[in-house]
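Report on the structure given below.
The values are calculated or read from the model by the stated rules, or taken from the named source; none is laboratory data. Keep in mind the model is a prediction, meaning the values are calculated, not measured. FYI the Cβ positions are ideal-geometry reconstructions off the backbone, even for glycines, and counts take in every protein chain you see. The area values use the complete protein model at the heavy-atom level, side chains included, leaving out ligands, DNA and RNA. Shrake-Rupley method; radii C 1.70, N 1.55, O 1.52, S 1.80 Å.
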Amino acid sequence: MRLVPWTPDDLARRMDDVLSVFGEAMSYQPPALAVRRGYISTHLQRPHFRAIATVSTAGHLLGFAYGYHSEPGQWWHDQVSAVLDGPARQRWLADCFEVVELHVRPSAQGHGLGEAQLRALLAMTPAATTLLSTPEADEQASRAWRLYRRTGFEDVSRHLLFPGDPRPFAVLGRSLPLPFPQP
Ligand SMILES: CC(C)(COP(=O)(O)OP(=O)(O)OC[C@H]1O[C@@H](n2cnc3c(N)ncnc32)[C@H](O)[C@@H]1OP(=O)(O)O)[C@@H](O)C(=O)NCCC(=O)NCCS
């Protein structure tokens, strides 16, 4: 398997595979994935869009990650900005790359692919900081949380409720660069 940087067009061409990985990783059903197809399509146009894919030797998509420069006027940026005080907003959002999605097919999880994708993605941005949001969970029991803590992500905001989603989220961040390849 190999890590492959993707352009927006590359991701658009593999959108069905991306949604398949997304659906398996998050246990989302087709109606939720249809909504995601729309979101992802608009994200492809965002500034400094970067994406990375893990592809098997047979060409199957095993995982993907993408993000873009976080800027005022973007829904997520504005939600996070609203709960930060002035110094925190300046520290985290002045020059920030948002990790929007990071997923590995369940059959391929547990072998370090998620960490490799995260490091490769963050090596593609010159931004000063990175932020992401993830559902609140038991940090020791959640593979995503273990990954974020292992790679140095710290709490930026906890138990945040985004409009339209009943789940509390944590916003986690770290300064960049994050070494790649992993030490
Ligand atoms: C979160 C997610 C992306 C992590 O990807 P992953 O490939 O499963 O996980 P990692 O890269 O962290 O590696 C998993 C394990 O392999 C180990 N590992 C790391 N490098 C390794 C390597 N080179 N070889 C073998 N194992 C390795 C890690 O120590 C880790 O151990 P842990 O499970 O005890 O923490 C993936 O599990 C996923 O898609 N989950 C569902 C969707 C999700 O939660 N996405 C994030 C939403 S915010």
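If we scan the stretch 175-183, do we find a residue that is among the polar types (S, T, N, Q), away from the ligand (no atom under 15 Å from the Cβ), without any contact (Cβ under 8 Å) to a residue 60 or more places away in the chain and open to solvent by 30 Å² or more (accessible area, probe 1.4 Å)? So far as the stretch 175-183 goes, yes, one or more of its residues are among the polar types (S, T, N, Q), away from the ligand (no atom under 15 Å from the Cβ), without any contact (Cβ under 8 Å) to a residue 60 or more places away in the chain and open to solvent by 30 Å² or more (accessible area, probe 1.4 Å). The requirement of being β-branched (Val, Ile, Thr) and either free of Cβ contacts under 8 Å to residues at least 40 places away in the same chain or open to solvent by 20 Å² or more (accessible area, probe 1.4 Å) (or both) is fulfilled somewhere in the stretch 119-128, by at least one residue. Of the helices (runs of 4 or more DSSP H) lying entirely inside the stretch 1-118, those containing at least 2 residues that are farther than 23 Å from Arg158 by Cβ and polar (S, T, N, Q) span 30-43. Scanning the stretch 42-76 for residues being open to solvent by less than 50 Å² (accessible area, probe 1.4 Å) and not aliphatic (A, V, I, L, M) gives a total of 15. Checking the structure you have, find out if any residue of the stretch 121-139 is farther than 17 Å from Met26 by Cβ, among the polar types (S, T, N, Q) and assigned to a strand (DSSP E or B). Yes, some residue in the stretch 121-139 is farther than 17 Å from Met26 by Cβ, among the polar types (S, T, N, Q) and assigned to a strand (DSSP E or B). For the stretch 85-110, taking the residues that are within 18 Å of the chain's Cα centre (by Cα) and among the charged types (D, E, K, R), the one that is nearest to Ser56 (Cα to Cα) is identified as Arg105.
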